Amino acid sequence: MNLLGTTFDPHWAWLALGLVLAVGEMTIPGVFLIWMAGAAVITGLATWLVPLSVPLQVVLFAVLSVGAVFIGRNWLRANPIVAADPMMNDRGARAIGETVVVTQVIEGGEGRVKLGDSEWIAKGPDAEPGTRMRVASHNGSILMVEYLH
């Protein structure tokens, strides 16, 4: 018994640690803590079913954590996570191949073009406002344009 007159069941501590690690994985995604969360939950369940000493529980958790991280890492290497839209946060890359309209004369290799509802700095061959061009590439937020073929 402890000071509060209750007994301490270590399996609750392991289950709580598993929950904390799982929440940590959701908060700071990195596909690492989830394997340790699983190891903590398994340790908690094993401790609940079979009375284990605290040192044995720690060893079990350590072995399960290392094994789970190793297996998880190998599984992710064999089954990589593919983004649904790899260019979602790269507006310049999404613009490649799009048709733009020159809004400010491209002179000396630099001007402005309209793409959708926004204007971008553009580099390319000289062109007058109203000229339709194609985005060939980008350098950060600067679009490299060329004449339509």
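Remarks
- Here Phe70 meets the list (1) surrounded by 13 or more Cβ atoms within 10 Å (Cβ to Cβ); (2) under 31 Å from the mean Cα position of the chain (by Cα); (3) not assigned by TED's automatic domain parsing to the domain that holds Gly130 almost entirely, failing just condition (1).
- Ala78 meets the conditions (1) touching a strand residue (DSSP E or B) at 6+ places or on another chain (Cβ under 6 Å); (2) closer than 30 Å to Leu17 by Cα in every case but one. The failed one is (1).
- Once the range 42-51 is narrowed to residues that are closer than 11 Å to Pro10 by Cα and in contact with a Leu (Cβ under 7 Å, 6 or more places away or on another chain), the residue that is surrounded by the fewest Cβ atoms within 10 Å (Cβ to Cβ) is Ala46.
- Sole residue being within 24 Å of the chain's Cα centre (by Cα) and modelled with pLDDT under 90, chosen from Ala37, Ala93: Ala93
The values are calculated or read from the model by the stated rules, or taken from the named source; none is laboratory data. Remember, it's a predicted structure, so these values are computed and weren't measured experimentally. As a convention, Cβ positions derive from the backbone with ideal geometry for all residues, glycine included, and neighbour counts pool all protein chains shown.
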